[in-house]
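> Sharing a structure, written as structure tokens. Questions coming.
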Amino acid sequence: MALKQFKAESKRLLDLMINSIYTHREIFLRELISNASDAIDKLYYRTLQDGDTGLSRDDFAIEIVRDEKERILIIRDNGCGMTKDELENNLGVIAKSGSLNFKSENEQKEDIDIIGQFGVGFYSAFMVSDCVTVRSRAYGAEEAYEWKSKGAEGYSIAACEKADHGTEVILKIKPDTEEEHYSEFLETYRLKNIVKKYSDYIRYPIKMDVEKSRLKEGSKDEYETYTETEVLNSMVPLWRKNRSEITEEEYNQFYQEKFHDYQKPQKVIHSSTEGTATYNALLFIPSKAPMDFYTRDYEKGLQLYSNGVMIMEKCPDLLPDYFSFVRGLVDSQDLSLNISREMLQHDRQLKIIAGRLEKKIKSELESMLQNEREEYEKFFRNYGLQLKYGVYMDYGMHRDVLQDLLLFYSSSEKKLVTLKEYVGRMKEDQKAIYYACGESVERIEQLPQTELLKDKGLEMLYLTDNVDEFALRMLMNYDGKEFKNISTDDLGLETEEEKETAKKQVEENKELLGFLKDALDGKVKEVVLSQRLKSHPVCLSTEGGISLEMEKVLNAMPTEEKVKAQRVLEINANHPVFQTLTALHGKDDEKLKAYANLLYSQALLMEGLQVEDPVAFSNQICELMVE
Ligand code: ADP
């Protein structure tokens, strides 16, 4: 019979497996057992839904069978089995091959990391075996099929005899070499150990015949050997165990295997509750946000178990969007197995559980913030954006949950601070929380508007993410303190005396300001004398609800309508440039007009905005230089 070829990526992975110097060869057993367990889960779930199938939970088991002489190891299950097509489709290609992004052709080391990262399931069998046979009969099917492969050259599929439904994976264990002792994978002690180590919580018995010896009946010193079938695993799922019985290592291993992460989780949250809702939850915060976390492709959700049987791979209703980074599972006896996705959405019990989980996650984060600041900052760098979106979304409905979890960069502390910390440090007469926006801390630091506040010793929050200002506007205030954008809002920092002087100055320069506004020809709504500038001659501010930063963000979105902030050009009356303007007024109006445009362009540049006509701007400067 002609051999079929593996798909390209599968072939590469196979090569890797066969030639791997991977030290954890033993994981092949974990992978095959976990496939067997999944297959039983599927069938068990189906029988529970279909009602009377004659199958009961006690009928299900996974068996390990050995023939040491023939170097054969068999992993057998009585799960759902596979049809011919399924054999072809599931074993001919790698299920999640999309995530296997092979970078370097030759670098063995990198390849090995890939194995560690993803867990490659079935293919790992080729690490210990040079001929793998899979015999399977789908539940309810009449015929069985045999898939066979000796590795990279390809595989064959043919009909075969098999009495019961389910699958058996038959491994011909590789011969021992000088470096490699493959025989260990046929030894009782070693196999027992591997099962205990990786598959202890598998919920179906993993059975193996074990040779034992005993005194012969009636004899005092003569022994005889006999075989006894042992169950190798304790079958208690990790999440049902007592927290005190579980080591950090076990949690980490569980997480990494189950969620295919090569890094340990940053945080483990294990909680059990009884009462209005009885459930066990085992939640993890990944120590790095997945690549697609901030894209539409990312799907939030927790695995949902009903009394130990998985009923949904990703249940989105268990997590609010702002905690979508949490992974894990919930097991509850209060949920019906027959529940459909649609019904689940309206399930009262599920809502209660989701509410509890939200509270739990929040309190864990708060305690991390209080007790492990560095860890929290690391967490925030990963997921802070999501929390800030959370404040903004749904019209600020969740701001109370989230406001104390936010961090912003502080001008005076030079690090991330909470709103609570900011308010706790506020001066006695300080009424507002001040913030400034820009693309980076360095850029904001240079904004002319920051000078005045620094001079007065006022702390500012530097907002560098697009969503920041939107989130603060949604909060409206914190602890009764308003938020004020130092570039646009009325800061109310002047003394009575300063206010008087300002009023007079405006009166005196009314005409000049009017002239400048006209000179700018509709580019600004107003030209005013600034209360916020110290050493710089000009800056831009805005009137109305949309700041310059918001204009940038909103216009970057793919919407038809563009918004425009109402710009105000602020001039520093105490700057020498202002004297020049006054002197020109009424004498050389052409020049004054040109200067107005120059100043406006400068203000745009400082805000990180584009000059409307860069060539004209450059020409004007050249003219000045020539003068
Ligand atoms: P994964 O388990 O990560 O999906 P595998 O390569 O281990 O990847 O398995 C590929 C697919 O083959 C599985 O998703 C499953 O559909 C099928 N499969 C593997 N082993 C069994 C088995 N013992 N019984 C039924 N189906 C199986």
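A short reminder: the numbers here are calculations on the coordinates, not readings from a lab. None of these values were measured; they are calculated from a predicted model. Every residue, glycine as well, gets a Cβ built from its backbone with ideal geometry; the counts of neighbours run over all protein chains shown.
> Run the numbers on the chain and let me know its relative contact order in percent, using alpha-carbon pairs under 8 Å that are six or more apart.
Numbers: 988 pairs, mean separation 49.2, N = 627.
For the chain, the relative contact order is 8 percent.
> Moving to a separate point now. Could you work out the per residue convex hull volume over the alpha carbons of the stretch 113-193, in cubic angstrom?
Numbers: hull volume 12.0 nm³, N = 81.
Spelled out: Cα convex hull of the stretch 113-193, divided by residues, is 149 Å³.
> Does the stretch 491-627 classify as rounded, prolate or oblate by the C-alpha gyration tensor (a ≥ b ≥ c root eigenvalues; a/c under 1.5 gives rounded; else a/b over b/c gives prolate, otherwise oblate)?
oblate
> Right, another one. Could you work out how far helix 348-371 tilts from the main Cα principal axis of the chain, as a 0 to 90 degree angle to the nearest 10?
In the chain, helix 348-371 runs at an angle near 60 degrees to the longest axis.
> Which shape class, rounded, prolate or oblate, goes with the stretch 267-348 when its Cα gyration tensor gives a ≥ b ≥ c as root eigenvalues, a/c under 1.5 marks rounded, and past that a/b bigger than b/c marks prolate? Can you show the working numbers first?
Numbers: a/c = 2.25, a/b = 1.45, b/c = 1.56.
Note, shape of the stretch 267-348 comes out oblate.
> Can you tell me the dipole magnitude for the chain around its Cα centre, using point charges on the Cβ only (Lys, Arg +1; Asp, Glu -1), in Debye to the nearest 20?
Numbers: 85 positive and 115 negative charges, 114 e Å.
Using only the charged Cβ atoms, the result is roughly 540 debye.
> From the helices alone, meaning DSSP H stretches of at least four residues, give me the mean residue ellipticity at 222 nm for the chain, per-run term -39500 (n - 2.57), in deg cm²/dmol to the nearest 500. Mind dumping the intermediate values first?
Working: 20 runs with 237 residues, N = 627.
That comes out to -11500 deg cm²/dmol.
> Report relative contact order for the stretch 500-599 in percent, whole number only (criteria: Cα-Cα under 8 Å, sequence separation at least 6). Don't skip to the answer; put the middle values down first.
On the way: 114 pairs, mean separation 32.2, N = 100.
Relative contact order, the stretch 500-599: 32 percent.
> Would you kindly calculate the translational diffusion coefficient of the chain, applying Stokes-Einstein with the Kirkwood radius from alpha carbon pairs, for 37 °C and a viscosity of 0.692 mPa s, and quote it in µm² s⁻¹ without decimals? Let's see the in-between values first.
On the way: Rh = 30.2 Å.
Reported coefficient: 109 µm²/s.
> Rounded to whole Å, give me the distance from the Cα center of the stretch 260-299 to that of the stretch 500-531.
57
> Charges only on Cβ, +1 for Lys and Arg, -1 for Asp and Glu: so what's the dipole of the stretch 238-371 about the Cα centre, in debye to the nearest 20? All intermediate terms of the calculation are to be shown ahead of the outcome.
Values: 18 positive and 20 negative charges, 44 e Å.
Roughly 220 debye, rounded to the nearest 20.
> Let me make sure I get this right: for the stretch 181-250, a, b and c are the square roots of the gyration tensor eigenvalues over alpha carbons, sorted descending. Under 1.5 in a/c it's rounded, otherwise prolate if a/b > b/c, else oblate. Which is it?
Working: a/c = 2.84, a/b = 1.99, b/c = 1.43.
Prolate shape, in that a/c is at least 1.5 and a/b is the bigger ratio.
> Right, here's the next one. Ranking request for peptides 379-391, 224-236: highest mean number of other beta-carbon atoms within 10 Å first, then the rest in descending order.
Numbers: 379-391: 21.2, 224-236: 13.2.
Sorting 379-391, 224-236 by mean packing, highest first, produces 379-391, 224-236.
> Can you spot the aspartates and glutamates whose alpha carbon is less than 14 Å from Lys264's alpha carbon? Ignore those fewer than 8 places along the same chain.
Excluding near neighbours in sequence, the set is Glu248, Glu249, Glu250, Glu375.
> What residue among Gln256, Ala125, Ala354 has its Cα farthest toward the positive end of the dipole of the chain, where the charges are +1 on Lys, Arg and -1 on Asp, Glu, each on the Cβ?
Of the options given, the answer is Ala354.
> In terms of Cα to Cα distance under 25 Å, which lysines are near enough to Lys523, apart from those fewer than 8 places away along the same chain?
Lys484, Lys503, Lys510, Lys534, Lys552, Lys562, Lys564, Lys587, Lys591, Lys593
> Now for a different question. Given Leu520, Thr488, Gln579, which one lies farthest toward the positive end of the charge dipole of the chain, if we put +1 on the Cβ of every Lys and Arg and -1 on the Cβ of every Asp and Glu?
Most positive-ward Cα: Thr488.
> Taking a cut-off of 25 Å between Cα atoms, list the lysines near Lys162, but don't count ones fewer than 8 places away on the same chain.
Within the straight-line cut-off, Lys162 pairs with Lys4, Lys42, Lys69, Lys84, Lys148, Lys150, Lys172, Lys207.
> For Lys267, what is the net charge nearby, where nearby means another residue's Cβ is under 12 Å from its Cβ and Lys, Arg count +1, Asp, Glu -1?
Working: positive: Lys264, Arg327, Lys360, Lys378; negative: Glu248, Glu364, Glu372, Glu375.
Summing Lys/Arg as +1 and Asp/Glu as -1 gives 0.
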